[in-house]
Amino acid sequence: MAVGVGVEFTAHIILAFILAEGDMNDRMEVAMDHMFLPTTDGTISTFLGIVMLALAFPDFQFVVQHYFFVYLLIVVLGAINGLIFLPALLAVCGPPSISFPPAGVMEVGIRRGSLTSPKEGSGVRSSGASLDWTAGP
């Protein structure tokens, strides 16, 4: 469960960063514009859900100590990681932007990186590695 909650706070921000265009600071700004509020809303709703757990079982100290506090710690650390540390790390050394081809075109490439889009029908990346870029069987 901790892995799922931890990924929830980071995966959407990373995806928004990778799909954004511009330099790293512009991409981070776009990613945070799109994902800060949903991530914060997810943090608040998860927190409210676990607060209900603590309120529902006030007499069971086992549940409060071994589930509520641990889950609360996971949510708080995940939110701090996803909303503060991850954006700073991505702005400094994030991955390149991904370029999606227009609908119907089967090319795949990365705009700013070591790979370039293959020429139509060539099936070869710039590194010389052979890949089949054609669609269907």
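The values are calculated or read from the model by the stated rules, or taken from the named source; none is laboratory data. Bear in mind the structure is a predicted one, so any value in this text is a computation, not a measurement. All Cβ positions, glycine included, derive from the backbone under ideal geometry; neighbour counts span all protein chains shown.
State whether the residues of the range 34-48 include one that is over 20 Å from Ala2 (Cβ atoms), modelled with pLDDT under 85 and part of a helix (DSSP H, G or I).
Looking through the range 34-48, none of the residues is over 20 Å from Ala2 (Cβ atoms), modelled with pLDDT under 85 and part of a helix (DSSP H, G or I).
Restricting to the range 1-37, give me the number of residues that are in contact (Cβ under 8 Å) with a residue 12 or more places away in the chain and farther than 21 Å from Gly94 by Cα.
3
If I ask for residues that are more than 15 Å from Val7 (Cα to Cα) and among the small types (Gly, Ala, Ser), which ones from the range 51-94 would you list?
Across the range 51-94, the qualifying residues are Ala54, Ala56, Ala88, Ala91, Gly94.
Mind checking which residues of the range 36-79 are among the polar types (S, T, N, Q) and touching a helix residue (DSSP H, G or I) at 6+ places or on another chain (Cβ under 8 Å)?
Thr39, Thr40, Thr43, Thr46
Could you check how many residues of the range 20-58 are in contact with a Ser or Thr (Cβ under 7 Å, 6 or more places away or on another chain) and surrounded by 14 or more Cβ atoms within 10 Å (Cβ to Cβ)?
2
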